[in-house]
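This report refers to the structure that appears directly beneath it.
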Amino acid sequence: MQVSDAVKYVGVNDHKIDLFEGQFAVPLGMAYNSYLIMDEKVAVMDSVDASFGDEWLGNITALLNGKTPDYLVVQHMEMDHSASIQKFAQAFPSARIVSSKMAFAMMKSYFGDDFSDRQVVAADGSSLELGSHTLHFIAAPNVHWPEVIMTYESSEKILFTADAFGKFGANDVEDPEGWACEARRYYFGIVGKFGPNVQAVLKKISALEINKICSLHGPVLDSDIASYLNYYSIWSSYGVESEGVMIAYTSVYGNTKKAVEKLAEILKAKGCPKVVVADLAREDVYENVENAFRYGKLILASTTYNGNVFPAMREFIEHLTERNYQNRKIGFVENGSWAPSAAKAMKALFDKGLAEGCKNLSFAEQKVSIKISMTDKNTGEMEKLAEEML
């Protein structure tokens, strides 16, 4: 990928990885992006995962034509971007390291060396002249680590955003679903808890004219920039992106699944624009988290398990509350052979979340309570629940 005549792509694609950060399935691989700005002074924007350090240095050297980098700008210290800093420092001993004060402290912990004789501290609002290009640094704490900076190059109006606006998937593989799907799963899986911090950075960059966004993961965004900013505005404010209802369920012997299928039919018949049904035990948990944040209404259907809630349902709710789930309406369906109690247990998990960071959650008064298999009474309860949710 070439960003411009002066800004070159020197990142790498990882097709060996199966789980990003040890938990996110990445069937399309992963990209670790790095960029080279060629000017009177040469700056490299971020390094890459340790497994690709030699390939990355080779990419840089191939474009330098005998020149030496003057700076390595480190925007984020997570290991998939910082692991090759020391290798760069050894390969180019005259180059200086540009980063936030906190990032240098992290380098000391990581490498046993904070490069004190080569440091350039990038404070919020500071800048670095390269020649015709100027880098302006923007503190972006907790998007999604506390040391993060973003960088605005003012001559070409390029915003380097660290992990923000990133997505899952290698850059040399076409994503059939486009940017938004895997960017959404990435955002809510990794950044979702830090909505207020993202909002603060969006406010900082709102006055900038941005022609291109260069993230540390995924493609260079070089058209319709307003749409990408709008996605992040919706996501970080916990707004509703798409009208509809998500039904997430667990089922042991199939009876709860049958009830969910019936409820989905009722919702559609009543005019619900979109009904998304997810089997929590079998589908990717972060796909399900993504959809719970995408839609404004959520119905949870769970079997009663050990007098509580089914484990996959508990895990799902905890993923939501851990990310400060907000501004949603929630309904409950429970099933139990003799004493259904899952609805009470699910509500208690959200109550705990409300005490710890969740906000503006409302709960449907109508509950569907099934004993083993669905009855006409339960169908009537579903009708009322659907009306209340819609």
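Pull out a ≥ b ≥ c, the square roots of the eigenvalues of the alpha-carbon gyration tensor of segment 1-119, then state rounded if a/c is under 1.5, prolate if not and a/b is larger than b/c, and oblate in the remaining case. Intermediate results must be reported in sequence, preceding the final value.
On the way: a/c = 2.01, a/b = 1.16, b/c = 1.73.
Oblate shape, in that a/c is at least 1.5 and b/c is the bigger or equal ratio.
Holding the Cα-Cα limit at 23 Å, pick out from LYS203/LYS274; LYS257/LYS297; LYS344/LYS371; LYS268/LYS371; LYS67/LYS101; LYS193/LYS297 the pairs that are longer than that. Intermediate values should be presented prior to the final figure.
Values: LYS203/LYS274 32 Å; LYS257/LYS297 19 Å; LYS344/LYS371 15 Å; LYS268/LYS371 25 Å; LYS67/LYS101 28 Å; LYS193/LYS297 19 Å.
Table pairs above 23 Å Cα-Cα are LYS203/LYS274; LYS268/LYS371; LYS67/LYS101.
Taking every pair of alpha-carbon atoms in the chain, give the share separated by more than 34 Å as a whole percent.
Working: 27993 of 75855 pairs.
For the chain, the share of Cα pairs beyond 34 Å comes to 37 percent.
Under the classification rounded if a/c is under 1.5, otherwise prolate if a/b is larger than b/c and oblate if not, where does segment 233-291 fall, given a ≥ b ≥ c as square roots of the Cα gyration tensor eigenvalues? Don't jump to the answer; show the numbers that get you there.
On the way: a/c = 3.92, a/b = 1.34, b/c = 2.93.
Oblate, because a/c is 1.5 or more while a/b does not exceed b/c.
Could you let me know the centre-to-centre spacing of segment 94-133 and segment 178-214, using Cα atoms, in angstrom?
Here the answer is 24 Å between Cα centres.
For segment 51-119, which trypsin sites (Lys or Arg not before Pro) pass both filters: DSSP loop (anything but H, G, I, E, B) and at most 13 other C-beta atoms within 10 Å?
On the way: sites: LYS67, LYS87, ARG96, LYS101, LYS108, ARG118; in loops: LYS67.
In loop regions of segment 51-119 (DSSP not H, G, I, E or B), the sparsely surrounded trypsin sites (Lys or Arg not before Pro) are LYS67.
Given H placed on each backbone N at 1.01 Å, which residues far from VAL277 in sequence or on other chains put an amide H within less than 5 Å of it?
Here the answer is ILE247, since their amide H atoms fall under 5 Å of that of VAL277.
Under 10 Å, Cα contacts only: if you run a Gaussian network model on the chain, which one of ALA43, ALA140, ALA200 comes out with the highest mean-square fluctuation?
Looking only at ALA43, ALA140, ALA200, the largest GNM fluctuation is found for ALA200.
Kindly identify segment 25-79 as rounded, prolate or oblate by the Cα gyration tensor criterion: order the square roots of the eigenvalues as a ≥ b ≥ c, call it rounded if a/c is under 1.5, otherwise compare a/b with b/c, prolate if a/b is larger, else oblate.
Working: a/c = 2.52, a/b = 1.78, b/c = 1.41.
Verdict is prolate for segment 25-79.
Leaving out ligands, DNA and RNA but keeping every protein chain, what accessible area does ILE149 have, in Å² rounded to the nearest 10, with a 1.4 Å probe?
Per-residue accessible area (ILE149): approximately 0 Å².
Putting +1 on Lys and Arg Cβ atoms and -1 on Asp and Glu Cβ atoms, find which of ALA339, LEU267, ILE317 reaches farthest to the positive end of the dipole of segment 259-349.
LEU267
Expressed in nm to one decimal, what extension gain is obtained for the pair VAL173 and ASN65 from 0.36 nm per residue of sequence separation less their Cα-Cα distance? Show your work: numbers first, answer last.
Numbers: separation 108, 0.36 × 108 = 38.88 nm, distance 2.88 nm.
Answer, rounded to one decimal: 36.0 nm.
Would you mind calculating the gained length between GLU55 and LYS157 on full extension (0.36 nm times residue separation, minus the Cα-Cα distance), in nm to one decimal? Don't jump to the answer; show the numbers that get you there.
Details: separation 102, 0.36 × 102 = 36.72 nm, distance 2.84 nm.
The span from GLU55 to LYS157 would gain 33.9 nm if fully extended.
So if I take the alpha carbon set of segment 183-307, get Rg, then get Rh from the Kirkwood formula, what is the Rg over Rh ratio?
Working: Rg = 18.0 Å, Rh = 16.7 Å.
Rounded to two decimals, Rg/Rh equals 1.08.
For segment 252-329, how big is the tail of P(r) above 14 Å, as a whole percent of Cα pairs? Intermediate results must be reported in sequence, preceding the final value.
Working: 1969 of 3003 pairs.
I get 66 percent for the Cα pairs in segment 252-329 exceeding 14 Å.
Please compute the length gained on full extension between LYS193 and ASP351, using 0.36 nm multiplied by the number of residues separating them and subtracting their Cα-Cα distance. If you can, show how the numbers build up before the last one.
Details: separation 158, 0.36 × 158 = 56.88 nm, distance 1.73 nm.
Additional length available on full extension: 55.2 nm.
In sequence order, what are the phi-derived ³J(HN,Hα) couplings for segment 203-214 according to the Karplus relation 6.51 cos²θ - 1.76 cosθ + 1.60 with θ = phi - 60°, rounded to whole Hz, with x for glycine and proline?
5, 4, 8, 4, 8, 7, 8, 10, 9, 8, 10, 10
What figure, in Å² to the nearest 10, do you get for the accessible area of ARG294 with a 1.4 Å probe and non-protein molecules left out?
Roughly 60 Å² of ARG294 is accessible to a 1.4 Å probe.
Place +1 on the Cβ of every Lys and Arg and -1 on the Cβ of every Asp and Glu in the chain, take the dipole about the Cα centre, and give the residue among MET374, ASN33, TRP235 whose Cα lies farthest towards its positive end.
MET374
Let's test the formula: R0 of 45 Å, r as the Cβ-Cβ distance of SER109 and SER242. What FRET efficiency results, to the nearest 0.05? Please list the in-between numbers first.
On the way: r = 42 Å, r/R0 = 0.93.
After rounding to 0.05, the efficiency reads 0.60.
Which of MET313, MET150, MET79 moves the most in a Gaussian network model of the chain with Cα springs under 10 Å?
MET79
Take the Cα gyration tensor of segment 104-188, multiply each eigenvalue by 5, square-root it, and list the three semi-axes largest first, rounded to whole angstrom. Intermediate values should be presented prior to the final figure.
Numbers: eigenvalues 154, 74, 30 Å².
Largest first, segment 104-188 gives 28, 19, 12 Å.
Could you run the Karplus curve 6.51 cos²θ - 1.76 cosθ + 1.60 with θ = phi - 60° over segment 26-43 and give me ³J(HN,Hα) per residue in whole Hz, x for Gly and Pro?
So the J values, rounded to whole Hz, are 10, x, 9, x, 8, 10, 10, 8, 8, 9, 10, 9, 9, 7, 4, 10, 9, 10.
Excluding the sites themselves, what is the longest stretch of the chain that contains no chymotrypsin sites (Phe, Trp or Tyr not before Pro) in a DSSP loop with at most 15 other C-beta atoms within 10 Å?
On the way: sites that count: TYR253, TRP338.
So the longest stretch without any such site is 1-252.
Please find the FRET efficiency linking LYS258 to ILE234, where r is the Cβ-Cβ separation and R0 is fixed at 25 Å, and quote it to the nearest 0.05. Intermediate results must be reported in sequence, preceding the final value.
Working: r = 34 Å, r/R0 = 1.37.
Efficiency computed from Cβ-Cβ geometry: 0.15.
The values are calculated or read from the model by the stated rules, or taken from the named source; none is laboratory data. Just so we're clear, the structure is a prediction, and the values are computed from it rather than from any experiment. Here Cβ is always computed from backbone atoms with ideal geometry, including for glycine, and neighbour counts include all displayed protein chains. For accessibility, only protein heavy atoms count, side chains too; no ligands or nucleic acids. Shrake-Rupley method; radii C 1.70, N 1.55, O 1.52, S 1.80 Å.
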